[in-house]
Amino acid sequence: MSPRWRNEFGVAGVDEAGRGPLAGPVVAAAVILPPRRVLRGLDDSKRLDAATRDGLATEIRRRALAWGLGWADAREIDALNILEATMLAMRRALIALPIAPRHVRIDGNRSPSLENLPFACSSETLVGADGLDAAVAAASILAKTWRDAWMVAADARHPGYAFATHKGYGTPTHLSALEALGACSLHRISFAPVRVRLVS
């Protein structure tokens with residue numbers, strides 16, 4: 001384990017994937033890792049290639065003391081805004097944990113509400129935590145791989161948008177498909193690149 005990694009007993013790391021795309025859910029994961037044990041190759045999901053992320057996600061699910069996933073779909077994002085939808089997804093990930101953490105560490109500078117959770121715990125936010133905290137890095141990998149797999153599956157249900165390739169991000173291919181096909185039920189209508197193409 002790199003000296004920079006924190007890995008503390010009873011701490012749940014929380015991170016999200018999918019705030020920026022034009023389509024699909026925003027997904028959060030919460031992970032409690034066993035203390036003083038190394039997951040070789042663990043890192044911020046953005047620094048890993050897809051094959052490495054997938055392999056690590058399998059190891060995380062197998063070796064973590066607990067993990068949970070939560071998400072907010074496109075309609076919830078449109079209704080709440082992306083920040084509040086992300087907080088909702090994080091809260092849902094924490095509720096999904098089968099083991100109560102004593103402390104929660106969240107990547108970023110905002111924390112979801114911890115009121116009325118099925119457990120009591122302290123919390124902190126830390127910008128760049130997915131590169132500093134082992135549990136947060138593990139959460140970033142689970143959130144990213146689950147969301148990517150979801151978007152690949154969505155490609156078959158919504159042909160023509162190439163969701164399996166760009167995962168909902170605003171690539172030229174995706175924007176061209178929006179121009180030709182219009183929006184589908186997975187699109188975030190409140191996001192400007194989608195909205196302007198609906199009224200043009």
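Nothing in this text is a laboratory measurement; each read-out follows from the coordinates by a stated rule. Only a predicted model underlies this, so the values are computations on that prediction, with no experimental measurement involved. Every residue, glycine among them, receives a Cβ derived from its backbone with ideal geometry; neighbour counts consider all protein chains shown.
A few comments on the model shown:
- With the alpha-carbon atoms of the chain aligned to their principal axes, the span from lowest to highest coordinate is 54, 37, 26 Å, starting with the largest.
- Once backbone amide H atoms are built at 1.01 Å from N, residue 23 has 188 as its partners under 5 Å, excluding neighbours fewer than 5 places away on the same chain.
- Helical runs (DSSP H, four residues minimum) scored at -39500 (n - 2.57) apiece and divided by the length of the chain put the mean residue ellipticity at 222 nm at -12500 deg cm²/dmol.
- In summary, the convex hull built on the alpha carbon positions of the stretch 1-112 has an orientation-averaged projected area of 7.2 nm².
- Pairwise label distance in nanometres, residue 73 with residue 153, each label 7 Å out on the Cα-Cβ vector: 1.3
- Loop sites in the stretch 161-200: trypsin sites (Lys or Arg not before Pro), DSSP, at most 11 other Cβ within 10 Å: none
- The chain: DSSP helices with Cα axial extent of at least 30 Å and average Kyte-Doolittle hydropathy no lower than -1.0: 134-157
- Shown is the FRET efficiency for residue 115 and residue 83, computed with R0 = 22 Å from the Cβ-Cβ distance and rounded to the nearest 0.05: 0.80.
- Whole-percent pair-distance distribution, where bins are 10 Å wide, for the alpha carbons of the stretch 85-135: 25, 59, 17
- Label-point gap, in nm, between residue 169 and residue 51 - each point 7 angstrom along Cα→Cβ: 2.0
- Placing a pseudo-label 7 Å from each Cα along the Cα-to-Cβ vector at residue 9 and residue 95 gives an inter-label distance of 3.1 nm.
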